[in-house]
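Working notes, beginning with the structure itself.
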Amino acid sequence: MEDIMAMVLVFIIVVFIILMPIVDYLFRFRCPACGSRRGRKSASGRWDGVNDQGQRRGGAFSYMECRHCLAHWKKYRGTWDPVDDDEWKQRT
Ligand SMILES: [Zn+2]
């Protein structure tokens, strides 16, 4: 009985070791500039603000940095926008 328990435990650990890089890969974003999948989530949260046209734009956002070309991106409502250095320093 203890042998089976030990085997199940080892099996679970092995499955985790195999799955972790896959999950990690899936949760990384594809950089719109260079196309590499080496993005890293830096910050996320709620944002309330007014855009250049004076419209209120609130919602969830995420900031990402590409580890390949070092570009900074902001995801807002499903689209990626480049982020300038000032905003990047402010938000992350
Ligand atoms: Zn990139």
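May I ask for the angle, rounded to the nearest 10°, between helix 2-26 and the longest principal axis of the chain, with both axes built from Cα atoms and the value confined to 0 to 90°? Taking the Cα atoms of the chain, the angle to 2-26 is about 20 degrees. For the chain, the Kirkwood radius over C-alpha pairs fed into Stokes-Einstein at 4 °C and 1.567 mPa s yields D = 82 µm² per second. Could you compute the net charge surrounding Arg40? Neighbours are other residues with a C-beta less than 12 Å from the C-beta of Arg40; K and R count +1, D and E count -1. Spelling it out: positives minus negatives among the neighbours equals +3.
Each value in this text was obtained by applying a stated rule to the coordinates, not by laboratory testing. Given the structure is predicted, the values throughout are model-derived calculations rather than measurements. Note that each Cβ is placed from the backbone with ideal geometry, even for glycine, and that neighbours are counted across all protein chains shown.
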